[in-house]
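The values are calculated or read from the model by the stated rules, or taken from the named source; none is laboratory data. Just so you know, these numbers come straight off a predicted model, no measurement behind them. Cβ: placed from backbone, ideal geometry, glycine included. Neighbour counts: every protein chain shown. Accessible surface is based on the protein model in full, side chains and every heavy atom, while ligands, DNA and RNA are left aside. Shrake-Rupley method; radii C 1.70, N 1.55, O 1.52, S 1.80 Å.
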Amino acid sequence: MNSTLKSSYTSLSTTPKTGQTPLPKPNGKPIIDDNFSDNNNNWNLFQASGYGAAIQQHTLVMSEGNGKIFLEHVPGAQSLTDFRADMTYTHLQNNNQAYVGLLFRRQTLPGDQSFRGYELKIAADTGQYAIKKVVDPPANHAPGEVNAVVNLASGSLDKMLQPGAPIQASLIVSGTSMTLYVNGALVTSCDDSSSTDPYTTGSVSLLLQNGTDGTPARVAFSHFALYDTGNSTPSI
C-alpha cells in the first residue's frame, strides 16, 4: 500500500541516547521468525508500477521508486499491543536518502488510504532516526492532506552506518513506551505523552520510503522476528 504523508511536527521530550545499554534477549511468543529461505510465512510478494516485494537469495527485497511510502504487512501481525521487532537489513543503493523502518499499531480506517499509527524510520546514509505518531490532519488542512505527524523522538546515531553493511535494528514497545536499539546498542527511548490519545493496538508493517533524489530505494531483509510481549487479540 502506497501512501503519501503530509507532515507537521511537534517536538516532545525524549530520553537521551545511552549506547552503553545492551540489547536484552527477546521474550514473549514468537509470531514470526523468518530468514527468508522460502515464503512459508506468506508474505505479500508482487511487482507493481515502481514498487514491489520478492524473496531472493534468502532475503526479502522491497523496492520503491514512486517517491512514496511502501508498506509490507507482517504476516500474523494484525492486532498487537506490546511487542518486540528484530530486523536485519541491507540497503541495496548507496548514497540514497531512503528510510527503512516499521509502521506499528496501525489503525484501520474506512474509505481512503489514510491511516493512524506510529512510525519508526532510519535513514540509509545519514543515520538519522525518528519515531513519529501519525494522526488526523488539523481542521484547516490543505486539500488532499490525509495525515499529520507528531515527533516523539529523533536524532542521529552515535556511529555512522557503513555503506553496504547489514543493519540490525530492534524496537521494543510496551504501553506508551518505545525503545530503539541499533546494532545492539540503545539509541533512544520515548513515551507517547502527546495531546491525542495513544494508540494501544494495531497491525505491524515493514516500511520503505524513497529518498528525495529520485533514486529508487531497494532494501534486502535477511532476518525479521516479531514477538508478542503483551495481551494481544488473536491475529488473522
Selection count, the range 148-166, where residues are modelled with pLDDT of 95 or more and surrounded by 18 or more Cβ atoms within 10 Å (Cβ to Cβ):
3
Assess whether ASN39 counts as being more than 27 Å from VAL173 (Cα to Cα), touching a residue at least 12 places away in the same chain (Cβ under 8 Å), among the polar types (S, T, N, Q) and open to solvent by 30 Å² or more (accessible area, probe 1.4 Å).
no
Only unsatisfied item for ASN94, checking (1) modelled with pLDDT under 95; (2) of a type outside the set (Lys, Arg); (3) in contact with a Phe, Trp or Tyr (Cβ under 9 Å, 6 or more places away or on another chain), is (3)
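Any idea which of THR188, THR215 is among the polar types (S, T, N, Q) and modelled with pLDDT of 95 or more? Before you say what the answer is, go through the steps one by one.
Details: THR215 fails: modelled with pLDDT of 95 or more.
THR188 is the lone residue from the list that is among the polar types (S, T, N, Q) and modelled with pLDDT of 95 or more.
Can you find a residue in the range 84-95 that is within 16 Å of the chain's Cα centre (by Cα) and outside any strand (DSSP E or B)?
So in the range 84-95, the residues within 16 Å of the chain's Cα centre (by Cα) come out as 84-91.
So of that shortlist, the ones also outside any strand (DSSP E or B) come out as none.
Looking for residues that are within 16 Å of the chain's Cα centre (by Cα) and outside any strand (DSSP E or B), one finds none in the range 84-95, hence no.
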Can you name the residue in the range 8-25 that is of a type in the set (S, T, N, Q), open to solvent by 60 Å² or more (accessible area, probe 1.4 Å) and within 20 Å of the chain's Cα centre (by Cα) and is also modelled with the highest pLDDT among such residues?
THR15
Among the residues listed as GLY67, GLY50, GLY28, the single one being touching a Phe, Trp or Tyr at 6+ places or on another chain (Cβ under 6 Å) and either at pLDDT below 95 or open to solvent by 50 Å² or more (accessible area, probe 1.4 Å) (or both)
GLY28
